[in-house]
Amino acid sequence: MQRASDLLKGKSKQLWTILPEASVLDALKLMAEKEIGALVVMDKKDKVVGIFSERDYARKISIKGKKSLDTRVKEVMTPFDKMYTIKPDTPVEDCMVLMTGKHIRHLPVFDGPKFVGLISIGDAVKAQISQKDALINQLSNYIGGKY
């Protein structure tokens, strides 16, 4: 059974974060540059205070007519106490159930109090498809007499 830690092993070790005082425009530029859909928001003491995603932008900036340059990330991020988080040993299936049930696309991973990574719904789906493909190949080989 795959776990969140397995998904993190296949990802870049770089954790992309942003300060709460940064402008939403700066957050969007970073997300576009790195081709990611969310940033973990960390204060100057490296404490996670929230998460900012493309959905936060769409629902709290774009639709409401706010300006990305004038709005700070802390004004529109999902605060830490409202975030859904997981542990490294959380099964991928549980991650998918949580993301689907709560209508979220990103899950910060914490090992105790330490932020260790971020997985997306795409990461989880890709892992599940890969696992299912391997099983199908094994069964096909077994049925075809290759074993």
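The values are calculated or read from the model by the stated rules, or taken from the named source; none is laboratory data. Bear in mind that the values here come from a model prediction, so they are computed numbers and not experimental data. Every residue, glycine as well, gets a Cβ built from its backbone with ideal geometry; the counts of neighbours run over all protein chains shown.
Miscellaneous remarks
- Consider segment 122-147 and keep the residues that are buried (at least 17 other Cβ atoms within 10 Å of the Cβ) and aliphatic (A, V, I, L, M). The one that is farthest from Tyr57 (Cα to Cα) is Ala127.
Residue-by-condition table, conditions (1) among the hydrophobic types (A, V, I, L, M, F, W, C); (2) surrounded by fewer than 20 Cβ atoms within 10 Å (Cβ to Cβ):
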residue: Ala38; (1), (2): yes, no
residue: Lys47; (1), (2): no, yes
residue: Phe52; (1), (2): yes, no
residue: Tyr57; (1), (2): no, no
residue: Ser62; (1), (2): no, yes
residue: Arg72; (1), (2): no, yes
residue: Glu75; (1), (2): no, yes
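- Failed criterion for Glu33 (all others in (1) modelled with pLDDT of 95 or more; (2) buried (at least 18 other Cβ atoms within 10 Å of the Cβ) hold): (2)
- The set of residues from segment 48-74 being under 16 Å from the mean Cα position of the chain (by Cα) and closer than 14 Å to Met31 by Cβ comprises Ile51, Phe52, Ser53, Glu54, Arg55, Asp56, Tyr57.
- Flag if Ser68 is farther than 25 Å from Lys11 by Cα and touching a residue at least 24 places away in the same chain (Cβ under 8 Å): yes
- Condition met for Asp81 (farther than 29 Å from Asp26 by Cβ and either in contact with a Lys or Arg (Cβ under 6 Å, 6 or more places away or on another chain) or at pLDDT 95 or above (or both)): no
- When the helices (runs of 4 or more DSSP H) confined to segment 22-117 are screened for residues that are of a type in the set (Val, Ile, Thr), those reaching at least 3 such residues are found at 92-102.
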